[in-house]
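What follows is a short report on a single structure.
The values are calculated or read from the model by the stated rules, or taken from the named source; none is laboratory data. Bear in mind the structure is a predicted one, so any value in this text is a computation, not a measurement. Every residue, glycine among them, receives a Cβ derived from its backbone with ideal geometry; neighbour counts consider all protein chains shown. Keep in mind that these areas ignore ligands, DNA and RNA; they rest on the heavy atoms of the full protein, side chains included. Shrake-Rupley method; radii C 1.70, N 1.55, O 1.52, S 1.80 Å.
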Amino acid sequence: VSFDATVASNYTQIFKTAFTVTNTLKATNLRTGDKEDEMATKALKMHMQDIERAMFFGKLHESNGSTAQPRRFTGGLTTQISNVIDRSTASGVMNEDTFDRQLIENVFAFGSKQKIMFCGAKVAGHLQKFGKDRWSPETVQGSYGVNLTQYSTFAGDLMVHLHPQFRQVPGMENAAVIIDFPYLKYRYMEGRDTALLRDRQSADEDAVKHEYLTECGLEMMQDKVHTYVKNWNAVA
């Protein structure tokens, strides 16, 4: 008996977020505190948001591949997961019974018995309606750095989080990404994990310029353990 592994690949992508503080502003006494520290905190949040958005929605791509300096973009979960539940073929409708069968036959067919669902507002509403009819969903605080709502089923435990970026990206309010974290790895180039690079300003600039830089991507260890649900517009 022999097994042929399926070859999968992804790129790391360079993320850069710079911020500038003039020397005049640095010398100004502000009631809100040190402006450079404030902007460093805000820039780091924006930097992490950019990385997170790429992890979900990025498209695997390489431009100028034949040159000495190709530009590479990391593939995100919504474009890399092949296990897709698309409800557009059912007019966007999925009732409670169909959802339960998908959990048993599809979502929890492989991998762990506890998975994380990041979803849009419509999907969260559908799950809330199911939960009111059968049980009181339990809120789990502090898990994976966010608050999650646990839906325990016969197939496994689904930990649900209404993700802010699913509100921002058009068409994602009726979608969800179910992740099996043990089979997903954050990868970065050696010495290229998130770092603050100071004093990037030009010599004649009367300001200081700092920059957060990361070169990273996702490695999907297994594909079938993750699920992408899309076009779930209503429940019957």
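Tell me, in nm to one decimal, what length is gained between Ser202 and Glu62 on full extension, where the rule is 0.36 nm per residue of separation less the Cα-Cα distance?
Details: separation 140, 0.36 × 140 = 50.40 nm, distance 3.03 nm.
Computed gain between Ser202 and Glu62 is 47.4 nm.
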What is the list of residues in the stretch 54-74 whose amide nitrogen lies under 19 Å from a point 7 angstrom out from the Cα of Ala8, following Cα to Cβ? 54-62, 73-74
Can you work out the FRET efficiency for the pair Asn233 and Gln165, with r the C-beta to C-beta distance and R0 = 30 Å, to the nearest 0.05? 0.95
Beta bridges by DSSP in the stretch 105-236, antiparallel share as percent, to the nearest 5: 80 percent
At Lys45 and Lys132, where each label point lies 7 Å from the Cα along Cα→Cβ, what is the point-to-point distance in nanometres? 3.2 nm
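Mind ordering 87-95, 43-51 by average Cβ neighbours within 10 Å, highest first?
Numbers: 87-95: 14.2, 43-51: 15.8.
Going from most to least packed, we get 43-51, 87-95.
If the chain between Asp34 and Lys185 were fully stretched, how many nm would it gain, using 0.36 nm times the residue separation less the Cα-Cα distance? Present the calculation step by step, with values, prior to reporting the outcome.
Numbers: separation 151, 0.36 × 151 = 54.36 nm, distance 3.65 nm.
Between Asp34 and Lys185, full extension yields 50.7 nm more.
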From the C-alpha coordinates alone, can you work out the Kirkwood hydrodynamic radius of the stretch 97-236, in Å? 17.5 Å
Among Ser112, Gly171, Leu60, pick out the residue whose Cα is farthest towards the positive end of the charge dipole of the chain, where Lys and Arg carry +1 and Asp and Glu carry -1 on C-beta, about the Cα centre. Gly171
So which lysines pass the test for Lys129, namely a Cα distance under 29 Å, with those fewer than 8 places away in the same chain ruled out? Lys113, Lys115, Lys224, Lys230
Based on DSSP H runs of at least 4 residues, each adding -39500 (n - 2.57), what is the mean residue ellipticity at 222 nm of the chain after dividing by all its residues, to the nearest 500 deg cm²/dmol? -7000 deg cm²/dmol
Degrees, to the nearest 10: 121-134 long Cα axis against longest axis of the chain: 40 degrees
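Determine, for each peptide in 223-229, 205-211, the mean count of other beta carbons within 10 angstrom over its residues, then list the peptides with the highest first. Present the calculation step by step, with values, prior to reporting the outcome.
On the way: 223-229: 20.6, 205-211: 14.6.
Answer by packing, highest mean first, reads 223-229, 205-211.
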Ranked from highest to lowest mean number of other Cβ atoms within 10 Å per residue, what is the order of the peptides 74-80, 105-111, 191-197? 74-80, 105-111, 191-197
Please check: in the Gaussian network model of the chain (C-alpha springs, under 10 Å), which one of Thr149, Thr67, Thr98 has the largest mean-square fluctuation. Thr67
Given unit charges at Cβ for Lys, Arg (+) and Asp, Glu (-), the dipole magnitude of the chain about its Cα centre in debye, nearest 20, is 360 debye
Round to the nearest 10 and give me the degree value, 0 to 90, for the angle of helix 35-57's Cα axis relative to the longest principal axis of the chain. 40 degrees
Heavy-atom accessible area of the stretch 152-200 with neighbours in place, 1.4 angstrom probe: carbon+sulfur share in percent works out to 52 percent
Check cross-link reach from Lys42 to the lysines: straight Cα distance under 27 Å, and skip same-chain residues fewer than eight apart. Lys16, Lys26, Lys59, Lys185, Lys209
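Would you work out what percent of the accessible area of the stretch 1-83, with all protein chains in place, is carbon or sulfur (probe 1.4 Å)?
Numbers: 2940 of 5880 Å².
About 50 percent, which is the carbon plus sulfur part of the accessible surface.
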